[in-house]
Amino acid sequence: MLVFFLRAFGAKIGKDVRIKPGIQIKYPWKLEVGDYSWLADCYIENLDWVKIGNHCCISQQAMLMTGNHNYKKISFDLMTSPIILEDGAWVGARASVCPGVKFYTHSILSMGSVAIGDLAAYSIYQGNPAVKIRDRIFH
């Protein structure tokens with residue numbers, strides 16, 4: 001049902017996408033989700049584009065934030081930058097993703113971590129700010 005409404009408001013949603021109740025999306029028309037992805041009760045503040053690839057996961061209470069204010073200016077101007085998750089990326093529960101961050105293919109941001117820069121492909125990141133802790137190896 002949520003997929004239907006998001007599409008009705010302009011979101012581009014792929015096939016077999018699972019979107020759980022409680023999700024908050026600021027601007028559906030600035031959201032693209034690939035096939036077979038899963039979005040829990042997360043918060044997507046997409047003042048700019050959020051592009052999520054195929055087979056991605058955004059876990060419970062994760063936050064994707066595409067905007068911030070320029071504290072160096074008296075006018076406190078809004079600055080926005082897109083967030084991109086390539087195929088197989090995973091944002092852990094209660095993790096935060098800052099504006100302009102790109103998750104390269106199959107990267108992971110672990111639970112409660114904060115991504116302030118890009119995440120390398122097939123890598124696992126942890127902490128605040130998140131740092132690479134190991135490679136993601138499939139068996």
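Here, each number is a calculation from the coordinates, and none is a lab measurement. Just so you know, these numbers come straight off a predicted model, no measurement behind them. Because the Cβ atoms are built from the backbone with ideal geometry, glycine has one as well, and the counts that use them run over all protein chains shown.
Loop-only chymotrypsin sites (Phe, Trp or Tyr not before Pro) in segment 21-119, please: DSSP not H, G, I, E or B, and at most 13 other Cβ atoms within 10 Å.
Working: sites: Trp29, Tyr36, Trp38, Tyr43, Trp49, Tyr71, Phe76, Trp90, Phe103, Tyr104; in loops: Tyr36, Trp49, Tyr71, Phe76, Tyr104.
Answer in residue order: Tyr71, Phe76.
With +1 assigned to the C-beta of every Lys and Arg and -1 to the C-beta of every Asp and Glu, and no other charges, what is the dipole magnitude of segment 1-91 about the Cα centre in debye, to the nearest 20?
With Lys and Arg at +1 and Asp and Glu at -1, about 200 debye.
At 4 °C and 1.567 mPa s, grab the translational diffusion coefficient of the chain from Stokes-Einstein with a Kirkwood Rh over Cα pairs, rounded to a whole number in µm² per second.
On the way: Rh = 14.9 Å.
Answer, rounded: 87 µm²/s.
Within a 10 angstrom radius of the beta carbon, how do Cys42, Cys98 rank from fewest other beta carbons to most?
So the residues, fewest neighbours to most, are Cys98, Cys42.
Could you work out [θ]222 nm for the chain from helices alone, using -39500 (n - 2.57) per DSSP H run of at least four and dividing by all its residues? Round to the nearest 500 deg cm²/dmol. Please list the in-between numbers first.
Numbers: 1 runs with 7 residues, N = 139.
Per the formula, -1500 deg cm²/dmol.
Quick one: order Leu109, Leu78 by neighbouring beta-carbon count within 10 Å, fewest to most.
On the way: Leu109 28, Leu78 10.
Least crowded to most crowded, the residues run Leu78, Leu109.
Given R₀ = 35 Å, what would the calculated FRET efficiency be for Ile137 paired with Trp49, taking r from the Cβ atoms and rounding to 0.05?
Once rounded, the FRET efficiency stands at 0.70.
Could you state the number of Å between the C-alpha centres of segment 74-133 and segment 11-58?
15
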